[in-house]
Amino acid sequence: MILPQLLWRFLRHRDDPVFYEIQATDAIRWLRANGVATGPGTTALDLGCGHGVFGGALAGLGCKVTFADASDQLLPAHRGAPFVAVDLDRDGLAKVGRHDLVVCSNVLEHLARPERLLHSAHEMLTDRGVMYLSWTNWLSPWGGHEFSPLHYLGPSLGPRIYDSLSRRPRFHKPHENLFPTYIGKVLETVRATGKLEIVKAAPRYYTELPFLMAVPGVREFAAWNCALLLRRR
């Protein structure tokens with residue numbers, strides 16, 4: 001369980017690169033525990049890569065990594081690596097190619113049309129390919145990101161109260177760059193594609209409690225971040 005470690009790091013250093021390195025390391029541990037290859041011979045795509053921390057961790061293990069996002073904001077350590085500019089709300093996914101492993105971490109809740117990604121995800125996978133998808137669902141304790149837990153008051157009232165109480169500028173704006181997502185709806189959409197199979201589902205920060213994902217309603221509040229392991233049918 002890495003949740004206490006993440007909370008401690010965030011309170012002291014906010015979401016610095018080490019914060020995301022902790023997440024990436026634990027996610028790779030979970031992938032390996034479920035039989036996913038994360039070493040030499042594996043082609044990987046860090047989709048919605050941001051600064052490239054997750055992809056960088058995979059590259060350090062020997063994966064051949066391609067980074068993809070709307071714009072190149074890679075850390076200096078990853079500059080010069082293969083990068084594809086892609087807008088996940090607008091562009092076709094064929095441009096990113098096919099890979100043995102696609103990781104899409106903390107991206108889904110920032111898409112205006114997440115179902116579009118889910119219906120097209122199989123296009124990015126090789127025949128043996130798998131996808132690691134994780135995101136912060138709206139009703140989780142961190143659903144509003146920096147204005148949590150005021151998001152429980154709604155996507156309009158919560159941010160307004162946060163703005164009146166906080167002196168920090170708010171980056172996330174509901175229905176502009178942060179969209180309410182729900183675990184049940186995402187699972188339903190994945191199954192409806194007919195192209196993807198859900199191999200595993202777990203709360204990302206405490207994967208030791210996967211049974212929570214099988215309890216409708218409870219999972220929406222109990223999971224800080226949902227992690228899915230998907231494979232092409």
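Please treat every number below as a calculation from the coordinates, not as lab data. Only a predicted model underlies this, so the values are computations on that prediction, with no experimental measurement involved. Don't worry about glycine lacking a Cβ; one is built from the backbone with ideal geometry, like all the others, and counts go over all protein chains shown.
Highest GNM mean-square fluctuation among Ser134, Ser156, Ser166, for the chain modelled with Cα contacts below 10 Å: Ser166. Considering only alpha-carbon pairs that sit under 8 angstrom and 6 or more positions apart, the relative contact order computed for the chain is 17 percent. Considering only Val96, Leu133, Val86, and ranking their Cα positions along the charge dipole of the chain that arises from unit charges at the beta-carbon of Lys, Arg, Asp and Glu, the one farthest toward the positive end is Leu133. The charge dipole of the range 1-131, taken about the Cα centre with unit charges on the Cβ atoms of Lys, Arg (+1) and Asp, Glu (-1), comes to about 260 debye, rounded to the nearest 20. When the chain is described by a simple charge dipole with +1 on each Lys and Arg Cβ and -1 on each Asp and Glu Cβ, the residue from Gly39, Ala121, Leu74 located farthest towards its positive end is Gly39. GNM remark for the chain: springs join alpha carbons under 10 Å apart, and the peak mean-square fluctuation among Thr38, Thr66, Thr193 falls on Thr193.
Within the chain, the selection of entire DSSP H helices by a Cα span of 18 Å or greater along the long axis and an average Kyte-Doolittle value of at least -0.5 returns 17-33. For the chain, with the dipole built from +1 on Lys and Arg beta-carbon atoms and -1 on Asp and Glu ones, taken about the Cα centre, which of Val215, His51, Asn177 lies farthest toward the positive end? The residue sitting most towards the positive pole is Val215.
Highest mobility in the GNM of the chain, judged by mean-square fluctuation with C-alpha springs under 10 Å and restricted to Asp127, Asp26, Asp100, is found for Asp127. Computed about its Cα centre, the charge dipole of the chain is approximately 200 debye, with only Lys, Arg, Asp and Glu carrying charge at their Cβ.
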